[in-house]
Amino acid sequence: MEKLDLTKRYKTYYTAATKPEIVEFEPAQYLSILGKGDPSGADFAERIQALFATAYAIKFHYKGEGKDFVVAKLEGLWWFDEARFGSPSMSEAPKQVPRSEWEYRLLIRLPDFVEEAVTIGCAKSVVSKKKIALAAAIEFYRMTEGKCVQMMHVGPFSTEPQTLAQLLDFCQANGFSKNGLHHEIYLSDFRNTEPERLKTILREPVVG
């Protein structure tokens, strides 16, 4: 049985240049969980655990139907309360907004054949069989980002503002304005990869 690998099926989605580029993406569906707080904290790690446990439950469900797939990369949408913190630029926001105040939606992209009812059923199974209570907060999420500006960030998360500054300059030079949430795709497993070797796609939906 050949496994569906979304990173190969959607190569443009999971790749980025080391300089700003314009890209456009089709509608997609995801496994998702919401959260808030410092990504270095236990709560963030527990949400990742719940998300991947559910993703593998879905994988094995469909493998039994002859439709196996590789569990995709972890992703995240990030935002903060602009009524409280204002509207700093994409490069200044990580410096001005405390890590404890960032809200996020963690994502794992799903194949198009995965059904919402199966997703929710698998999440309930993870709660009952794996005793991972947070899986009860798992959602089936659809997103259409459309036109975006993106760039590959290589290195620790602490240096992301430097890459974001390049994206901001590119957006301003091309007359683009923000049209969605800051999006990160973690091509490296940051739990066991040296910070300087991390590869993260930084993506910003735009209009203009």
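Taking into account only those residues within region 56-113 that are among the charged types (D, E, K, R) and free of Cβ contacts under 8 Å to residues at least 24 places away in the same chain, which is farthest from residue 140 (Cα to Cα)?
84
Only residues that are part of a loop (DSSP other than H, G, I, E, B), surrounded by fewer than 20 Cβ atoms within 10 Å (Cβ to Cβ), more than 16 Å from the chain's Cα centre (by Cα) and of a type outside the set (Asp, Glu): list them for region 98-122, please.
Those that are part of a loop (DSSP other than H, G, I, E, B), surrounded by fewer than 20 Cβ atoms within 10 Å (Cβ to Cβ), more than 16 Å from the chain's Cα centre (by Cα) and of a type outside the set (Asp, Glu): 98, 113.
It is to be established whether one or more residues within region 21-37 are loosely packed, with under 15 Cβ neighbours inside 10 Å, over 16 Å from the mean Cα position of the chain (by Cα) and under 30 Å from residue 129 (Cβ atoms).
Within region 21-37, not a single residue is loosely packed, with under 15 Cβ neighbours inside 10 Å, over 16 Å from the mean Cα position of the chain (by Cα) and under 30 Å from residue 129 (Cβ atoms).
Quick check, is residue 192 without any contact (Cβ under 8 Å) to a residue 60 or more places away in the chain and closer than 22 Å to residue 26 by Cβ?
Against the criterion (without any contact (Cβ under 8 Å) to a residue 60 or more places away in the chain and closer than 22 Å to residue 26 by Cβ), residue 192 does not qualify.
Any residue at all in region 138-147 that's touching a Cys at 6+ places or on another chain (Cβ under 8 Å) and of a type outside the set (Phe, Trp, Tyr)?
The answer is no, given that none of the residues of region 138-147 is touching a Cys at 6+ places or on another chain (Cβ under 8 Å) and of a type outside the set (Phe, Trp, Tyr).
So which helices (runs of 4 or more DSSP H) stay within region 6-97 end to end and still have 2 or more residues that are hydrophobic (A, V, I, L, M, F, W, C) and in contact with an Asp or Glu (Cβ under 9 Å, 6 or more places away or on another chain)?
Because the criterion is at least 2 residues that are hydrophobic (A, V, I, L, M, F, W, C) and in contact with an Asp or Glu (Cβ under 9 Å, 6 or more places away or on another chain), the helices (runs of 4 or more DSSP H) in region 6-97 that meet it are 42-63.
Give 161, 156 a once-over and let me know the one that is surrounded by fewer than 19 Cβ atoms within 10 Å (Cβ to Cβ), out of contact with any strand residue (DSSP E or B) (no Cβ under 8 Å at 6 or more places or on another chain) and within 22 Å of residue 207 (Cα to Cα).
161 is the lone residue from the list that is surrounded by fewer than 19 Cβ atoms within 10 Å (Cβ to Cβ), out of contact with any strand residue (DSSP E or B) (no Cβ under 8 Å at 6 or more places or on another chain) and within 22 Å of residue 207 (Cα to Cα).
Inspect all residues belonging to region 142-156 and state whether any of them is small (Gly, Ala, Ser) and in contact with a helix residue (DSSP H, G or I) (Cβ under 6 Å, 6 or more places away or on another chain).
yes
Can you name every residue in region 123-150 that is closer than 16 Å to residue 32 by Cβ, of a type in the set (Lys, Arg) and touching a Pro at 6+ places or on another chain (Cβ under 9 Å)?
Within region 123-150, 142 is the sole residue that qualifies.
Do the conditions hold for residue 145, that is, is it surrounded by fewer than 17 Cβ atoms within 10 Å (Cβ to Cβ) and either within 14 Å of the chain's Cα centre (by Cα) or on the phi < 0 side of the Ramachandran plot (or both)?
Criteria not met by residue 145.
Each value in this text was obtained by applying a stated rule to the coordinates, not by laboratory testing. Keep in mind it's a predicted model, so treat the numbers as computed, not measured. Neighbour counts are summed over all protein chains in view; Cβ atoms, including those assigned to glycine, are modelled from backbone coordinates with ideal geometry.
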